[in-house]
Amino acid sequence: MIELYQLEQLLAMAECGTLSAAADKLHLSQPSLSRSMQKLEAELQVPLFVRQKNKIELNANGQLAVEYARKITGEARDMVSRIQAFDRSQRTILVGSCAPAPLWEILPVLGRLYPDMTISSEMRESEALLQGLRDGVYQLVILLAPAQDVGISSVKYGEEHLFFSLPPAHPLSGSKGLYMKDLDGETMLLLNRLGFWKELTDRKMPSTRFLVQEDAAFSELVRASALPSFTTDRVLARGGDDRTRIHVPILDPEANVTYYCLYRAADGSFFREFLDTIQGE
């Protein structure tokens, strides 16, 4: 019976090129690795190597065996990760989001509706979130577009609008609206862990020097600083309306987004109360 460790050793042989290098990588003695490869040949009933004095290399059989070994070991790792993800899903609701604001509201709702489940969350880029939902890593994800995949459903969750937060003395503080290019080149305070908003600011304001701050210090620094920063309508509604600052809407279309909550259609009945709740808010 072929063992998985033998296939991993075969892959090490193919990668390292020599028995000694493969043995070092696997933390095995050369005789032990050599015996293991001989046992694999006996199981397959074909030679896998051309053996010469002080040299061993894969033959054509061995090259084909390596191709299958890559597939088999990859599927084995995938099996482990999927089963572990399934086990977690029985006890945990993992929510992935492309931005922080939706998590402020969604996590407390989930905690109230599913008191026997562990609720956790993380922010990642959109494609990784969508793939994680497909693979069962996440039970819910928040993205900027509705579901397109068969088997994945979505509901519109809400919107968020980006503002410049300016000190009253800033020359543009009297503006009714501004484009991101209007402040490009200035020095600005920026909150850490913004999800997709960080990519947007980097792309639209390439000449701006961003002073990235952690959550605990950011609000205090904004209040004490004469530097511009960003805020959103959701931040302001949550209690972040600092009246020492002027909040000017950003007019770029990308600064005004709609969020969608995506979930596997098979989980629709489990999340029905949650989905009804967030749509009603």
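Could we say that Ile119 is more than 13 Å from Cys98 (Cα to Cα) and either in a strand (DSSP E or B) or modelled with pLDDT under 95 (or both) here? Yes; evaluated as a whole, the condition is true for this residue. Out of Leu227, Leu221, Leu236, one residue alone is closer than 22 Å to Met180 by Cβ, in a helix (DSSP H, G or I) and more than 27 Å from the chain's Cα centre (by Cα). It is Leu221. A single member of Arg234, Arg193, Arg203, Arg223 is loosely packed, with under 15 Cβ neighbours inside 10 Å and under 21 Å from Trp104 (Cα atoms), and it is Arg193. On inspection, Ser29 qualifies as small (Gly, Ala, Ser), farther than 30 Å from Val141 by Cα, open to solvent by 30 Å² or more (accessible area, probe 1.4 Å) and at pLDDT 90 or above.
Among residues of region 68-91 that are under 12 Å from Leu4 (Cβ atoms) and modelled with pLDDT of 80 or more, none has a beta-carbon under 7 Å from a residue that is open to solvent by less than 70 Å² (accessible area, probe 1.4 Å) and acidic (Asp, Glu) at least six positions away or on a different chain. Among the residues of region 180-189, is any over 22 Å from Asn256 (Cβ atoms) and over 21 Å from the mean Cα position of the chain (by Cα)? The answer is yes; a qualifying residue exists.
Restricting attention to region 45-96, the residues that are of a type in the set (D, E, K, R), in contact with a helix residue (DSSP H, G or I) (Cβ under 8 Å, 6 or more places away or on another chain) and under 26 Å from Phe274 (Cα atoms) total 1. Taking each residue of region 244-259 that is within 18 Å of His170 (Cβ to Cβ) and of a type in the set (S, T, N, Q) and looking for partners that are at pLDDT 95 or above and open to solvent by less than 40 Å² (accessible area, probe 1.4 Å) with beta-carbon atoms closer than 8 Å, six or more apart or interchain, yields nothing. Scan region 127-148 and tell me whether some residue there is on the phi > 0 side of the Ramachandran plot and surrounded by 13 or more Cβ atoms within 10 Å (Cβ to Cβ). Yes, some residue in region 127-148 is on the phi > 0 side of the Ramachandran plot and surrounded by 13 or more Cβ atoms within 10 Å (Cβ to Cβ). Close Cβ contacts (under 8 Å, 6 or more residues apart or on different chains) running from residues in region 147-173 that are touching a residue at least 60 places away in the same chain (Cβ under 8 Å) and under 24 Å from Lys204 (Cβ atoms) to residues that are assigned to a strand (DSSP E or B) and of a type in the set (Gly, Ala, Ser) comprise Phe164/Ser229; Ser165/Ser229.
The values are calculated or read from the model by the stated rules, or taken from the named source; none is laboratory data. All figures in this text were calculated on a predicted structure; none of them were measured in a lab. A quick note on method: Cβ atoms are made from the backbone with ideal geometry, for glycine too, and the neighbour counts reach across all protein chains shown. What goes into the accessible areas is simple: the full protein's heavy atoms, side chains included, and nothing from ligands, DNA or RNA. Shrake-Rupley method; radii C 1.70, N 1.55, O 1.52, S 1.80 Å.
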